[in-house]
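Trainee: One structure, pasted below without further comment.
The values are calculated or read from the model by the stated rules, or taken from the named source; none is laboratory data. Predicted model, so just to flag it, every value in this text is computed and none were measured. Cβ placement follows ideal geometry from the backbone for every residue including glycine, while neighbour counts extend to all protein chains displayed. Ligands, DNA and RNA are stripped out before the accessible areas are found, and what is left, the full protein with its side chains, is counted by its heavy atoms. Shrake-Rupley method; radii C 1.70, N 1.55, O 1.52, S 1.80 Å.
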Amino acid sequence: MNTFYIARHGETEGNRDKRLSGWLDTPLTDTGLDPTTEVLTKLAGIQIDEIYSSDIGRAFITTYVISRGLNFTEEIQRLAGLREMNYGDAAHMYIDDAYKQYEGLGKNTQFAPPNGESFEQMRERALATVGRLNDNHEDANILLVCHSGVMAAIKSNFTGTQNIDAHRISADFPHDFVARFTYEDGRVASFEELTN
């Protein structure tokens, strides 16, 4: 059985300014990579066999730093399936303003902002990506570095939670968050946060 580990990208200017980013990239802050120290502590002693990153810059840069800290020298593979939710016209808006303008955003997992996707569509995409990775490996420790929305999607598949409080996602999955999960029979079979 494969074991997946999941970590979030470092803090970005968009995170600091409380803006929605989604597929729109935003630079890491000057201290944005500091949480990788905690991530490496949580992953200490685990032999990582494969590393996959969201193909968005903030995630890939974070992944590179983590991989070097783990002495991982193989190729880091970037996957569009691990991208954050596409906020479409709401991208780069202040979070509070976006939720006021698009009332379904953050409340209804089926709601997609104009030119974007819904949380449910992102969840299906992310889980399909995990499923393919699971099928392509055997007894591997696989690290995924991506986004808080993807982490919420994976955890919600384990817990069976349908309603997502978007206001809580970033707080529930801070930049030093690491979890371990398994995937069996088309669903997330276990999910456990790693602590120091």
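Trainee: Over the alpha carbons of the stretch 38-103, what is the largest minus smallest coordinate on each principal axis, giving the biggest first in Å?
Mentor: Its Cα atoms span 46, 23, 15 Å along the three principal axes.
Trainee: Quote the charge dipole size of the chain about the Cα centre in Debye, to the nearest 20; the model charges only the Cβ of Lys and Arg (+1) and of Asp and Glu (-1). Mind showing how you got there, number by number?
Mentor: Numbers: 18 positive and 30 negative charges, 55 e Å.
For this selection, approximately 260 debye.
Trainee: Within 10 Å, at most 16 other Cβ atoms, and a DSSP state outside H, G, I, E, B define an exposed site. Report the longest part of the chain free of exposed GluC sites (Glu not before Pro). Walk me through the numbers before you get to the answer.
Mentor: Numbers: sites that count: GLU74, GLU75, GLU103, GLU138.
Longest gap between qualifying sites, sites excluded: 1-73.
Trainee: What is the sum of charges around SER67, taking Lys and Arg as +1, Asp and Glu as -1, for the other residues whose C-beta is under 14 Å from the C-beta of SER67?
Mentor: -2
Trainee: Quick one: compute the contact order of the stretch 1-106, relative version, from alpha carbon pairs under 8 angstrom and 6+ residues apart, as a percent.
Mentor: Numbers: 126 pairs, mean separation 36.2, N = 106.
Once divided by the residue count of the stretch 1-106, the mean separation gives 34 percent.
Trainee: If you scale each eigenvalue of the Cα gyration tensor by 5 and take the root, what three semi-axes come out for the chain, rounded to whole angstrom and sorted largest first?
Mentor: 26, 20, 14
Trainee: Here's a follow-up. Taking the chain, how many lysine pairs are there with alpha carbons less than 19 Å apart, if each pair must be eight or more places apart or span two chains?
Mentor: Here the count comes out as 4.
Trainee: Using all Cα-Cα distances in the stretch 134-175, what percent lands in each 10 angstrom bin from 0 up to the longest?
Mentor: Bins of 10 Å from zero give 25, 45, 25, 5 percent of pairs.
Trainee: Ignoring everything except DSSP H segments at least 4 long, calculate the 222 nm mean residue ellipticity for the chain; use -39,500 (n - 2.57) per segment, divide by total residues, nearest 500.
Mentor: After summing the helix terms and dividing by residue count, I get -10500 deg cm²/dmol.
Trainee: Using protein chains only and a probe of 1.4 angstrom, how many square angstrom of PHE191 are accessible, to the nearest 10?
Mentor: Counting only protein heavy atoms, PHE191 exposes about 30 Å² to solvent.
Trainee: Continuing with the same structure: Kirkwood Rh over alpha-carbon pairs of the stretch 150-196, then Stokes-Einstein at 20 °C and 1.002 mPa s: what D in µm² s⁻¹, rounded to an integer? Don't skip to the answer; put the middle values down first.
Mentor: Numbers: Rh = 11.4 Å.
After rounding, the answer is 189 µm²/s.
Trainee: Can you compute log10 of I(q)/I(0) for the stretch 96-196 with the Debye formula, treating each Cα as one identical point scatterer, at q = 0.11, 0.13, 0.20 Å⁻¹?
Mentor: Debye curve over Cα of the stretch 96-196, log10 I(q)/I(0) at q = 0.11, 0.13, 0.20 Å⁻¹: -0.36, -0.50, -1.07.
Trainee: If you place +1 on the Cβ of every Lys and Arg, -1 on the Cβ of every Asp and Glu, and leave all else neutral, what size is the dipole of the stretch 49-127 about its Cα centre, to the nearest 20 Debye?
Mentor: Here the stretch 49-127 has a charge dipole of around 120 debye.
Trainee: Could you please put VAL65, VAL145 in sequence from largest to smallest accessible area, using a 1.4 Å probe?
Mentor: Listed by decreasing accessible area, they come as VAL65, VAL145.
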